[in-house]
Amino acid sequence: MALRFEVLGRFNHARAAQLTLPHFVCQTPLFMPVGTQGTIKGLTTNQLEEIGCQIILGNTYHLALRPTSELIDELGGLHKFMNWPRALLTDSGGFQMVSLLHLADITEKGVTFQSPVDGKQMLLTPEESIQIQNRIGADIIMALDDVVKTTITGPRIEEAMYRTLRWMDRCIAAHKRPHEQNLFGIVQGGLDPVLRDICVRGLVDRNLPGYAIGGLAGGEDKDSFWRVVAQCTAALPEDKPRYVMGVGYPLDVVVCSALGADMYDCVYPTRTARFGTALVPEGVLKLKQRAMAEDTRPIDPTCACMVCKNYTRAYIHSLVAKDAMGSQLLSYHNLYYMMQLSRNLHSSMVQGRFPEFVCSFLQKMFPKGDVPEWVCNAMEVAGIDISLCCAPFPSTQD
Amino acid sequence: MSSSNSIHSSAMKFAVKAWSNGRARAGVLHLDCCPTPIDTPSLLLSTRKGLPLFISPDLLPSLPSPDSHLLHVSPLHFLEGLSMTTISKIGGLHQMLGLHEYGFAAVPRDSIQCLPEANSTNKVGASFETPCGRLLIKPAEYMEMISSLRPELWATLADEVPAWVSDKRNKTSVDRTIKWLDECIALSPTGGAVFGAIVGGSSLEERQRCAQEVARRNVSGYWVGGFGLGETMDERPALLNAVTVSNLTHIFWQK
């Protein structure tokens, strides 16, 4: 165990905490930008520090291909390689393998696939994944899990869940640096509450430093999504961090935080920036639209970031999809937005005004009161009264 | 040898600090907007739509100052997606780019993507090949852009021709450039320093003729264009030499 987790404020399931990692003391809830190849596209590490980024995610699969984990190890680890003084998290490599490689095949041994470099048959085992992650040196490393899409049904989900538990033991055995790197387990089980429960209990028995909720953010309906998160957070230990993998829409982050999750990662903010979309309190702003060409307001008048303080929508519009600077500036704003959201979640819980924050957030995003039903249901379970920001149901009108 | 060693305009002051044994001289450029003076000779940072490529504005201070406070801007970049009315509404380059302590030098050609297209240039305007197609820019249109953008210094519109054109075409380019110089000066906004454009291709005589004509006008400096269009490296020093006349105290040239 190489972390400390201390809850500082609560509202029902939701909690604000201090997460002390080897390289940085973090405040949760927090969002982690994804730095696929040892870099966040469009931003320097200085800028990331300035906007308040605490943990960055690195992709083991991509780093193992280029420049290889051995080289990173030789050069002193990923922190030094990418000049990032704060915390790092690496995933196991399993997800990319399954999502990027059509010819990946999962067996008890591990994930067999065709190398994209030379077409050779390769095998990623739990042991190999942990070894690679040991070399990369991140503060948090992820177990290799058997991931299945939640849209799949049938016995495959059960098989994957039990295999995940078996692979967890192999990961624990292979982990050579437990005092410097925290190995998190990943809860699988699809949308089946029984399977999820078995998986949670199995992982909790292994007394890990932290737990992730995996297998979501892959096309399942929102109602199923929040229910799985709620079930898992209710069953996972209070005194350890909970990481919902692949969650990045601001609304999803707020709902999951209300349900008791602490950490999130997603490519969404940076990827959508490269397509010209900015994150704003009202939802999204598509800078490519013709109407933006004459709009001399900032992207978000309430945002304090360098982009919103200096640039008009009209200028950014002239850059997006044509000049790299457009992607850079929008990525900067979008990440700043997510960092600010994280800070607001943390401070509102510490200051005892979390429900007010949630209401205010929903009011800005749904000014007509048309909060989606899944959000209302989730907030009910979270014990947060959002009736003030929901319009009355149509049947009670006229 | 020379008359004044310094030049004033409302936004710019230039003075020569030291002369070498030859023609080279060290100078200092004061721009109202820049907190520290800029030593010359000085290299301008190239930009795309006003911002340096890949270096976002918050990272600019990490470059050595004051050497990186002069930015080259091509007004043609803004023809894609941003109207001059909107730029005026925002308040010009400084406001639009959030770069208040940087000086902007506007020249239409950027030597990367906006290149003079001599075959299509005619008596009405200068033609450029740009990412949004071939554009014909008339002096009046160009001055509208300058008035909206409000750079610290700007070059007048020129007819730049490659080294291999006929003598007749080369001579025409000088005639046109002088004509457009006068039209631009007549339309110049207050506040910016005018740099008269000097062309003449690979002809020493035409270069000299153009320089002499421009020197007669009331300009704050000189922009020497038409280089990097087919002349050899060997030819260049002589051509540049032909241009520097005794009362030229500020030159900036572009490859």
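For A:THR151, the conditions (1) surrounded by 15 or more Cβ atoms within 10 Å (Cβ to Cβ); (2) closer than 30 Å to A:TRP374 by Cβ are fulfilled apart from (1).
Name the residues in segment A:238-251 that are outside any loop (DSSP other than H, G, I, E, B), crowded, with 24+ Cβ neighbours inside 10 Å and more than 9 Å from the chain's Cα centre (by Cα), would you? Correct list: A:ARG242 only.
Taking the criterion of being at pLDDT 95 or above and in a helix (DSSP H, G or I), would at least one residue in segment A:29-38 satisfy it? No, segment A:29-38 contains no residue that is at pLDDT 95 or above and in a helix (DSSP H, G or I). For segment A:39-70, residues that are on the phi < 0 side of the Ramachandran plot and either assigned to a loop (DSSP other than H, G, I, E, B) or within 14 Å of chain B (Cβ to nearest Cβ) (or both) total 17. Could you list, in sequence order, the residues of segment B:49-70 that are touching a strand residue (DSSP E or B) at 6+ places or on another chain (Cβ under 7 Å) and either over 24 Å from B:LEU29 (Cβ atoms) or away from chain A (no Cβ under 13 Å) (or both)? Residues satisfying the conditions are B:PRO66, B:SER68, B:HIS69, B:LEU70.
Within segment A:280-298, the set of residues being of a type outside the set (Gly, Ala, Ser) and over 16 Å from A:LEU341 (Cα atoms) comprises A:LEU285, A:LYS286, A:LEU287, A:LYS288, A:GLN289, A:ARG290, A:MET292, A:GLU294, A:ASP295, A:THR296, A:ARG297, A:PRO298. From the list A:LEU345, A:LEU362, the lone residue that is buried (at least 20 other Cβ atoms within 10 Å of the Cβ) and over 26 Å from A:GLU6 (Cβ atoms) is A:LEU362. For segment A:247-265, give me the residue count where each residue is free of Cβ contacts under 8 Å to residues at least 60 places away in the same chain and farther than 18 Å from A:VAL375 by Cα. Looking only at that region, the number is 0.
For (1) part of a loop (DSSP other than H, G, I, E, B); (2) within 22 Å of A:GLY215 (Cβ to Cβ), each residue gets a yes or a no:
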position: A:PHE81; (1), (2): no, no
position: A:PRO85; (1), (2): yes, no
position: A:LEU89; (1), (2): no, yes
position: A:PHE95; (1), (2): no, yes
position: A:PHE113; (1), (2): no, yes
position: A:GLU128; (1), (2): no, yes
position: A:LEU144; (1), (2): yes, yes
position: A:ARG177; (1), (2): yes, no
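Of the residues making up segment A:301-310, those that are surrounded by 21 or more Cβ atoms within 10 Å (Cβ to Cβ) and more than 9 Å from chain B (Cβ to nearest Cβ) are A:CYS305, A:CYS308. Being farther than 20 Å from A:SER331 by Cβ, more than 7 Å from chain A (Cβ to nearest Cβ), in contact with a Phe, Trp or Tyr (Cβ under 9 Å, 6 or more places away or on another chain) and among the small types (Gly, Ala, Ser) is a property that does not hold for B:SER46.
Considered as a group, the residues in segment A:260-294 that are in a helix (DSSP H, G or I) and more than 14 Å from every other protein chain (Cβ to nearest Cβ) include one that is surrounded by the most Cβ atoms within 10 Å (Cβ to Cβ), and that residue is A:PRO269. For beta carbons closer than 6 Å, sequence separation of 6+ or different chains, a first residue in segment B:78-97 that is on the phi > 0 side of the Ramachandran plot and a second that is crowded, with 22+ Cβ neighbours inside 10 Å and not acidic (Asp, Glu), the qualifying pairs are B:GLY81/A:SER318; B:GLY92/B:LEU149; B:GLY92/B:ARG150.
Being modelled with pLDDT of 85 or more, in contact with a strand residue (DSSP E or B) (Cβ under 6 Å, 6 or more places away or on another chain) and closer than 25 Å to A:TRP84 by Cα is not true of A:MET168. The set of residues from segment A:316-330 being more than 7 Å from chain B (Cβ to nearest Cβ), under 13 Å from B:PHE54 (Cβ atoms) and surrounded by 24 or more Cβ atoms within 10 Å (Cβ to Cβ) comprises just one member, A:GLY326.
For (1) on the phi > 0 side of the Ramachandran plot; (2) of a type in the set (Phe, Trp, Tyr); (3) without any contact (Cβ under 8 Å) to a residue 40 or more places away in the chain, each residue gets a yes or a no:
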{"site": "A:GLU158", "(1), (2), (3)": "no, no, yes"}
{"site": "A:MET161", "(1), (2), (3)": "no, no, yes"}
{"site": "A:GLU180", "(1), (2), (3)": "no, no, no"}
{"site": "A:LEU195", "(1), (2), (3)": "no, no, yes"}
{"site": "A:TYR211", "(1), (2), (3)": "no, yes, yes"}
{"site": "A:TRP226", "(1), (2), (3)": "no, yes, no"}
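Could you go through segment A:39-56 and let me know if any residue there is at pLDDT 95 or above and either within 27 Å of A:ASP169 (Cβ to Cβ) or among the basic types (Lys, Arg) (or both). Looking for residues that are at pLDDT 95 or above and either within 27 Å of A:ASP169 (Cβ to Cβ) or among the basic types (Lys, Arg) (or both), one finds at least one in segment A:39-56, hence yes. Of all the listed residues (A:ASP73, A:ASP146), the sole one being charged (D, E, K, R) and crowded, with 23+ Cβ neighbours inside 10 Å is A:ASP146. The residue of segment A:295-325 that is farthest from A:VAL280 (Cα to Cα), among those that are part of a helix (DSSP H, G or I), small (Gly, Ala, Ser) and at pLDDT 95 or above, is A:SER318.
The values are calculated or read from the model by the stated rules, or taken from the named source; none is laboratory data. What you are looking at is a predicted structure, and each value in this text was computed from that prediction instead of being measured. Glycine gets a Cβ as well: all are built from the backbone with ideal geometry, and neighbour counts include every protein chain shown.
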